[in-house]
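Engineer: Here it is, the structure, as structure tokens.
The values are calculated or read from the model by the stated rules, or taken from the named source; none is laboratory data. Here the structure is a predicted model, which means the values were calculated and not measured. In this analysis, Cβ positions are derived from the backbone assuming ideal geometry, glycine residues included, and neighbour counts consider all displayed protein chains.
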Amino acid sequence: MNKVFPILNWLPNYKASYLRGDLLAGLTIGIILIPQGIAYAIIAGLPPIYGLYTALLPQLIYTIFGTSRWMSTGPTALDSLILASSISALAIVGNEHYVVTVLAITLLTGIFQLILGVFKLGFIMNFVSKPVLTGFVTAAAVIIALSQFRDLFGINAPRSNQIQYILSGLYNNFGSLHWHSLVIGVFAIFIIYGLQKINKKLPGQLIVIILGIAIMALAYNYLSDVEIVKTIPKGLPSFAIPELNYDLFLKLMPVALTLSFTGFLQATSISKSLQEADSKLDTNKELIALGMSNFIGSFFNAYVSTGSFSRSAVNKEAGANTPLSNLFAALFILITLLFLTPLFYYLPKPVLAAIIITAVIKLIKVEQIKFLWNTNKKDFIMMLITFLITLTFGIKEGIIVGVLVSIFVVIFESSKPHMAVLGKVPGTTYFYRNIDRFDDVHTDEDILIVRFDAQLYFANVNYFREKLDRLVNLKGDKLKLIVIAAGAIHNIDSTGIATLDDIITKYHKRGIKIYFTDIKGPVRDYFTVSKLIDKIGVENCFMHVQNAIEYYRTGKSNGDFLKYINQSNKKLHKE
């Protein structure tokens, strides 16, 4: 039961001293979730109440199934934008079919995340590199922030998830700017940033909401051109099974898969950034927790939820000790749904735009981009490609291209791994180092020592063969011995075995010996079962490069260490 319900691992050992931190953190998150939930629902093209529904049940479910101490789940700006941009071609924002489509996507997202988690496929996320994630999140944050300028300016610009259309829409409609909306929105931004500088724990978002509602309620006759939220229904979400048929499933599957990946990427990135080294974080269980939150939530009018960068950081800073802080946050949302929603009638939309802009600006990874530029141009280019594609073609396209770029880089680097020529460090016996890195190492005209820093398999054997041939040609006719320092070759496949067989045959015909040193156990096993060890000769395998050189120069036997060199867990197949 503990494996199915992670809450059973920590709740029985819950200490009274944890309660104060969890309660305060939960109330803090609840206060933040109210304005964010309303704002993010509007980004998703949904009525504001759906943001509060998404802040309620998914948090309770995550408390039961999650393994992160500080993760705060619920609606996020990124997933809300992906929903809005993806569904716009399938349904019209504001009508009933749009809501039905959103809930069907949420159901599918939950199912896909559950499948990934149950079958322990969380490792798939390893193929998305951090530079790609940086480019994607930064571009998404820019798009989200710019998309809020329509409400900040009070203009009727078209919605889009492509920067060129957002900017052109703002430019073409700038003449209809409402100064009252702009003043209120900018004023809200200044208050939020000002309060953060005074004390980060001050609920700036809630304070600007209270001020905005108060101003609009008292002066609505003078500010009637400022758009407000108006009626938010009171009460708990009702139970309903999302409508889904085969044709709709085929249409929604790409969006649901996208949200499954982005939701998990956000959640795992949060956990890593919060450095939960001392917690029992399990990525596959996190997938199950998110999947259960979305699956069950879809039956109670909650749209796609995942971990929030900003709220999780606040949760940690506020003193949360266990996931129970999510329960207290959900209770605060519950009270709001039952009694407080009428208070939000006069909430001005420019204030919501200010809340979203100030929240997502933190996701623009300027420092990380500078770090990539200064340290690794290849990673910077990966980031830049993802950033530009996401910015100009859209969120979904950015994710696809980002994943493809990550996989391409993995394949490219795997096919051309590092390969070094070694020389002896003067004054030492056993130290051999890369001649391209150290100028004073000693090499012999008749000996070539190479080190291949990767597994040897079908994707890189041609590179290994070609690079070795080039190095041999550079040595010329004086070359009599090739020493392959195999300590970094941790695995080999049948193509690698066949390639080594061909290389040994080729160079033996030219009178060049081939020795191997420091062969790893799994590689020795394959040498044994393939019988390649017979062709190499056990006497030509050594523990160190120096042993191989001494044997070549003096004929000194390997006998003392032969049992270690020849040990294998595999038995030779009988003829």
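Engineer: Of all residues in segment 430-462, how many are in a strand (DSSP E or B) and closer than 30 Å to Ser129 by Cβ?
Structural biologist: Residues meeting the conditions: 6.
Engineer: Would you pick out the residues in segment 407-454 that are free of Cβ contacts under 8 Å to residues at least 12 places away in the same chain, among the aromatic types (Phe, Trp, Tyr) and out of contact with any Lys or Arg (no Cβ under 8 Å at 6 or more places or on another chain)?
Structural biologist: Across segment 407-454, the qualifying residues are Phe408, Phe412.
Engineer: Filter segment 91-113 down to the residues that are part of a helix (DSSP H, G or I) and farther than 12 Å from Ala256 by Cβ, then identify the one that is modelled with the lowest pLDDT.
Structural biologist: Glu96
Engineer: If you scan segment 188-227, which residues turn out to be under 23 Å from Phe153 (Cβ atoms) and among the polar types (S, T, N, Q)?
Structural biologist: The answer is Gln205, Asn221, Ser224.
Engineer: Let me ask something additional. Run Tyr346 past the list (1) buried (at least 20 other Cβ atoms within 10 Å of the Cβ); (2) not in a helix (DSSP H, G or I) and report the number of the one that doesn't hold.
Structural biologist: Unmet for Tyr346, out of (1) buried (at least 20 other Cβ atoms within 10 Å of the Cβ); (2) not in a helix (DSSP H, G or I): (1).
Engineer: Output the helices (runs of 4 or more DSSP H) that fall wholly within segment 362-429 and possess 2 or more residues being modelled with pLDDT of 90 or more and either assigned by TED's automatic domain parsing to the domain that holds Arg451 or farther than 19 Å from Ala145 by Cβ (or both), or say none.
Structural biologist: 366-375, 377-393
Engineer: Going residue by residue through segment 22-34, is there one that turns out to be over 28 Å from Ser80 (Cβ atoms) and either without any contact (Cβ under 8 Å) to a residue 12 or more places away in the chain or in the same structural domain as Ile333 (by TED's automatic domain parsing) (or both)?
Structural biologist: yes
Engineer: Does Ser72 meet the test of being modelled with pLDDT of 85 or more, under 14 Å from Gly307 (Cβ atoms) and either out of contact with any Cys (no Cβ under 7 Å at 6 or more places or on another chain) or not aromatic (Phe, Trp, Tyr) (or both)?
Structural biologist: The answer is yes for Ser72.
Engineer: Where in segment 1-90 are there helices (runs of 4 or more DSSP H), lying wholly inside it, with at least 2 residues that are under 21 Å from the mean Cα position of the chain (by Cα)?
Structural biologist: Passing ranges, in order: 49-65, 77-87.
Engineer: Right, something else. For Leu195, which of the numbered conditions (1) surrounded by 13 or more Cβ atoms within 10 Å (Cβ to Cβ); (2) in contact (Cβ under 8 Å) with a residue 40 or more places away in the chain fails to hold?
Structural biologist: (2)
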